[in-house]
Amino acid sequence: MMWPPSRRRGLRRRPLRSGDRSRGFTLVELLTVLVIVGLLVAFVLAGVRWAQEWSMINRARGEMNLIMTNLAEFKTQTGEYNLGFAFGGRGGQDSDTQAFSFREVARSDPWGQHYQITVRDTPTGDQWVSIRSAGPDRQFNTPDDLVLESN
């Protein structure tokens, strides 16, 4: 046998038939799979973030409702909204007075901002209460603020 092999008897490749294909993946197939997996992960993460934000909004609404309920019960007992006492301060009230303390209710919303509680006298002599949360953007007086007002 001669070296290098002659052209007639040399190393020739057989043409590929449909059953003779190699068993590996091409680079294009691998990249396609990676892109699809990446898109699926992005959609899942976006959905999880949306669900988390929605739960924080609902938590803030629940806390605001609880604060409003506690304020209404406090007013029923004392005849006025005394926020200093209601939040655990003395507020000029007797320490034996049963207050619905907000110590058990978060003083700040789920985004770390304090709730703004406003009490105003109305022309009819009653009091009006507004509770405001900064919302997801953490800034007050923007469209995403959560507001709860007394009747």
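The values are calculated or read from the model by the stated rules, or taken from the named source; none is laboratory data. Keep in mind it's a predicted model, so treat the numbers as computed, not measured. Note: ideal-geometry Cβ built from the backbone for every residue, glycine included; neighbour counts use all protein chains shown.
Looking at this structure, is Val35 under 30 Å from Gly135 (Cβ atoms), at pLDDT 90 or above and β-branched (Val, Ile, Thr)? No. Exactly one residue out of Ala42, Ala72 is within 19 Å of Val129 (Cβ to Cβ), modelled with pLDDT of 85 or more, not in a loop (DSSP other than H, G, I, E, B) and not charged (D, E, K, R): that is Ala72. Here Val28 does not fit the description of being hydrophobic (A, V, I, L, M, F, W, C), surrounded by 10 or more Cβ atoms within 10 Å (Cβ to Cβ) and at pLDDT 90 or above.
Within the stretch 133-151, the set of residues being surrounded by 14 or more Cβ atoms within 10 Å (Cβ to Cβ) and part of a loop (DSSP other than H, G, I, E, B) comprises Ala134, Gly135, Pro136, Asp145, Ser150.
Within the stretch 121-149, the set of residues being under 16 Å from Leu71 (Cβ atoms) and without any contact (Cβ under 8 Å) to a residue 12 or more places away in the chain comprises Asp121, Thr122, Asp126. If only residues of the stretch 61-79 that are in contact with a Phe, Trp or Tyr (Cβ under 8 Å, 6 or more places away or on another chain) and in contact (Cβ under 8 Å) with a residue 40 or more places away in the chain are counted, the one that is nearest to Asp126 (Cα to Cα) is Lys75. Annotation for the stretch 113-132: no member residue is modelled with pLDDT of 50 or more, hydrophobic (A, V, I, L, M, F, W, C), under 24 Å from Asn151 (Cβ atoms) and assigned to a loop (DSSP other than H, G, I, E, B).
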